[in-house]
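Peer 1: For reference, the structure I am asking about is given below.
The values are calculated or read from the model by the stated rules, or taken from the named source; none is laboratory data. Given the structure is predicted, the values throughout are model-derived calculations rather than measurements. Backbone-built Cβ (ideal geometry, glycine too); neighbour counts: all protein chains shown.
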Ligand SMILES: Cc1cc2nc3c(=O)[nH]c(=O)nc-3n(C[C@H](O)[C@H](O)[C@H](O)COP(=O)(O)O)c2cc1C
């Protein structure tokens with residue numbers, strides 16, 4: 001398990017190759033086994049590929065142009081996260097009306113589900129990155145509206161998935177747990 005956790009990496013460059021339906025379904029199935037408070041199973045998944053992904057390109061482009069009107073190069077490079085990704089899965093978390101604690105717990109559960117998907121992706125030979133910023137559009141309304149999520153859902157992750165262009169070999173060093181742990 002530790003080996004698998006150490007090996008998991010954010011993959012951002014993909015081959016122009018479709019992800020098979022069976023593998024997409026395995027990712028989604030893996031997510032549903034995540035721990036979740038009171039079995040609220042607070043996740044919803046929105047799968048974007050082919051035509052819907054093409055339509056999302058325009059939404060992402062409009063957002064970036066509005067956000068960075070004087071930086072066309074940045075807009076162009078940021079767009080690659082959409083145009084060169086064969087599969088995007090947007091994951092939302094359910095809001096529990098009038099209960100901030102439960103709403104937050106739902107986000108913890110959805111985060112766990114996303115981590116399960118990340119590890120499952122690696123096991124299937126796929127690469128994945130969880131995006132929130134930029135074209136991840138988690139902190140904006142554009143993607144929420146595009147996928148048709150309800151007001152009772154919060155976006156948690158925009159997962160860009162595909163076959164890795166090349167294996168990510170650079171190591172991302174972690175701070176030893178001893179520096180992050182208080183033995184109370
Ligand atoms: C909540 C969350 C949001 C993230 N948002 C982005 C993002 O918007 N863009 C991006 O390129 N990577 C994003 N990442 C990926 C991180 O940058 C990446 O996990 C981190 O650099 C550590 O690298 P590793 O995953 O390869 O260990 C996000 C990761 C998490 C958990």
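Peer 1: Could you tell me which residue of region 39-58 is farthest from residue 160 (Cα to Cα), considering only residues that are in a helix (DSSP H, G or I) and touching a residue at least 60 places away in the same chain (Cβ under 8 Å)?
Peer 2: The extreme case among them is 55.
Peer 1: Shifting gears a bit: Which members of region 107-133 meet the condition of being over 16 Å from the mean Cα position of the chain (by Cα) and within 16 Å of residue 157 (Cβ to Cβ)?
Peer 2: If the condition is that a residue be over 16 Å from the mean Cα position of the chain (by Cα) and within 16 Å of residue 157 (Cβ to Cβ), then no residue fits.
Peer 1: With 129, 138 as the choices, which residue is in a loop (DSSP other than H, G, I, E, B), within 12 Å of the ligand (Cβ to nearest atom) and either within 20 Å of residue 107 (Cβ to Cβ) or modelled with pLDDT of 95 or more (or both)?
Peer 2: 138 is the lone residue from the list that is in a loop (DSSP other than H, G, I, E, B), within 12 Å of the ligand (Cβ to nearest atom) and either within 20 Å of residue 107 (Cβ to Cβ) or modelled with pLDDT of 95 or more (or both).
Peer 1: Test residue 80 against the stated conditions and say whether it is within 16 Å of the ligand (Cβ to nearest atom), assigned to a helix (DSSP H, G or I) and out of contact with any strand residue (DSSP E or B) (no Cβ under 8 Å at 6 or more places or on another chain).
Peer 2: So residue 80 passes the test.
Peer 1: For residue 149, only one of the following conditions fails: (1) within 15 Å of the ligand (Cβ to nearest atom); (2) outside any strand (DSSP E or B). What is its number?
Peer 2: Condition (1) is where residue 149 drops out.
Peer 1: Looking only at region 99-119, count how many residues are out of contact with any strand residue (DSSP E or B) (no Cβ under 7 Å at 6 or more places or on another chain), farther than 12 Å from residue 36 by Cβ and within 13 Å of the ligand (Cβ to nearest atom).
Peer 2: Number satisfying all stated conditions: 2.
Peer 1: Within region 152-167, can you find the residues that are more than 16 Å from the ligand (Cβ to nearest atom) and not in a loop (DSSP other than H, G, I, E, B)?
Peer 2: 153
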